[in-house]
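Have a look at the structure below, then the notes.
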Amino acid sequence: MKNAKPNEPLVTHIYTADPSAHVFEGKLYIYPSHDLDHDEPSNDNGDQYKMEDYHVLSMDDVNSPVVDHGEALHVKDVPWASKQMWAPDAAYKNNTYYLFFPARDHDGIFRIGVATSPNPAGPFTPEENYIPGSFSIDPAVLVDNDERAYMYFGGLWGGQLEKWQTRTFIPNAEGPAPDAPALGPIVAELSDDMLTFKSEPKEISIVDEDGNPILASDEDRRYFEGPWVHKYNGLYYLSYSTGTTHKIVYAVSENPQGPFVFKGTILTPVIGWTTHHSIVEFNDKWYLFYHDCSLSDGVNHKRSVKYTELKYNEDGTIQTIDPYGDK
């Protein structure tokens with residue numbers, strides 16, 4: 001194993017994407033999705049993203065070797081799931097580690113499941129059913145200082161978010177008109193046992209500095225997928241992918257359920273179509289974990305997880321990162 005370096009793949013023996021990074025037991029744990037190495041064509045529905053299992057990675061510090069703890073959960077072990085184990089997240093509460101993950105159910109509809117373990121590296125034991133009332137993809141869980149836990153989720157296109165605007169799955173539903181407010185990510189408070197929603201999932205409003213909703217046509221700022229929420233100086237930072245314009249951007253709120261005020265760009269486009277990230281504080285520094293397709297020479301569904309330091313300005317805004325700027 002070689003030592004980790006900024007803006008270099010954390011591991012090269014498998015393809016990894018969508019890294020959710022956390023500090024557990026004094027170490028960095030990264031929960032990525034695991035891209036299969038195949039050569040089928042891409043489409044807007046995301047059929048090329050055929051992921052079947054999860055591996056957990058860990059690092060003693062940002063310059064140490066990266067440990068792959070092996071398979072932590074496989075789709076064949078999840079009774080309700082049929083395929084496509086996409087971007088996961090993890091959380092710790094009740095002396096238990098929780099792995100939250102999206103997958104298609106046996107009707108082809110994306111749902112969000114949960115699995116548990118006494119160990120941050122797994123293996124994880126899945127619940128028999130998905131979280132009631134869950135839909136779409138990309139769960140991210142914030143356990144707040146008061147121990148209340150919130151799940152953020154949702155992704156357009158292959159992630160089916162636009163098909164749930166009525167809270168009933170409509171297979172042929174399309175997104176809002178260009179001049180209408182964009183669809184926001186969904187938030188739901190989790191029950192104390194972290195296995196169900198305590199509250200009805202609701203859409204988060206993302207607005208500009210004047211309080212006007214970000215419009216569906218505003219592809220430089222509108223939500224597409226990959227939400228992440230972290231806290232800095234008492235404020236909640238919602239960051240996400242813009243999808244078609246391939247950026248990671250962010251908005252800020254005093255409330256974990258929003259509304260969030262758009263602030264700017266965190267990460268400029270990477271090699272490959274998708275971009276997906278997490279933000280974590282470790283040893284008094286902040287880090288952005290992200291992925292790109294550099295290891296596969298740009299194949300969209302063969303991605304590699306990387307990290308780089310993230311810095312704030314004095315006013316709390318985040319400095320924009322160009323992952324290739326120092327090459």
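The values are calculated or read from the model by the stated rules, or taken from the named source; none is laboratory data. Predicted model only: the values in this text are computed from it and were never measured. Please note: Cβ atoms are built from the backbone with ideal geometry, for glycine as well, and neighbour counts cover all protein chains shown. Please note that ligands, DNA and RNA were not included when accessible areas were found on the heavy atoms of the full protein model with its side chains. Shrake-Rupley method; radii C 1.70, N 1.55, O 1.52, S 1.80 Å.
List of remarks:
- Cross-link check: pairs Lys2/Lys247; Lys231/Lys306; Lys198/Lys263; Lys76/Lys285; Lys198/Lys231 evaluated at a Cα-Cα cut-off of 32 Å; pairs beyond the cut-off: Lys76/Lys285.
- GluC sites (Glu not before Pro) within region 227-327, DSSP loop, no more than 16 other Cβ atoms inside 10 Å: Glu254, Glu314
- Long-range HN-HN contacts of Lys247 with modeled amide H, under 5 Å: Thr242
- Per-atom-type breakdown for the chain gives carbon and sulfur 46% of the accessible area (1.4 Å probe, protein chains only).
- Applying the Karplus relation 6.51 cos²θ - 1.76 cosθ + 1.60 with θ = phi - 60° to region 134-150 yields 3J(HN,Hα) values of 8, 7, 6, 9, 6, x, 9, 10, 10, 9, 6, 4, 8, 6, 6, 10, 10 Hz, where x marks Gly and Pro.
- Using C-alpha pairs below 8 Å separated by at least 6 residues, the relative contact order for the chain is 15 percent.
- Classification of region 76-195 by its C-alpha gyration tensor yields an oblate form. The axis ratio a/c (a ≥ b ≥ c) is 1.5 or more, and b/c is at least a/b.
- Once the 1.4 Å probe is applied to the protein heavy atoms, region 87-206 comes out at 40 Å² accessible per residue.
- Taken one residue at a time, the phi angles of region 75-80 give Karplus couplings (6.51, -1.76, 1.60, θ = phi - 60°) of 4, 5, 8, 9, x, 8 Hz. Gly and Pro are set to x.
- Under a 5 Å amide H cut-off, with hydrogens placed 1.01 Å from N, Ser191 pairs with Thr196, Phe197, Lys198 among residues at least 5 apart or on other chains.
- Principal axes of region 158-261: Cα extent on each, largest first, Å: 36, 32, 23
- Average accessible surface area per residue within region 1-67, 1.4 Å rolling probe, Å²: 44
- Gyration tensor verdict on region 54-126 (Cα atoms; rounded if a/c is under 1.5, prolate if a/b is larger than b/c, oblate otherwise): prolate
- In order along region 248-264, the phi-based Karplus estimate (6.51 cos²θ - 1.76 cosθ + 1.60, θ = phi - 60°) of 3J(HN,Hα) comes to 9, 10, 8, 9, 10, 8, 8, 10, x, 9, x, x, 10, 9, 4, 10, x Hz; Gly and Pro are listed as x.
- Amide H contacts of Tyr232 (H built 1.01 Å from N, in plane; Pro and chain starts excluded): Tyr237 sit under 5 Å, all sequence-distant by 5 or more or on other chains.
- Between region 128-147 and region 44-108, the alpha-carbon center distance in angstrom: 14
- One entry in (i) 51, 48, 45; (ii) 75, 44, 34; (iii) 59, 57, 42 is Cα extents along the principal axes in Å calculated from the shown coordinates; its label is (i).
- Relative contact order (%) - region 219-327, alpha-carbon pairs under 8 angstrom, separation at least six: 19
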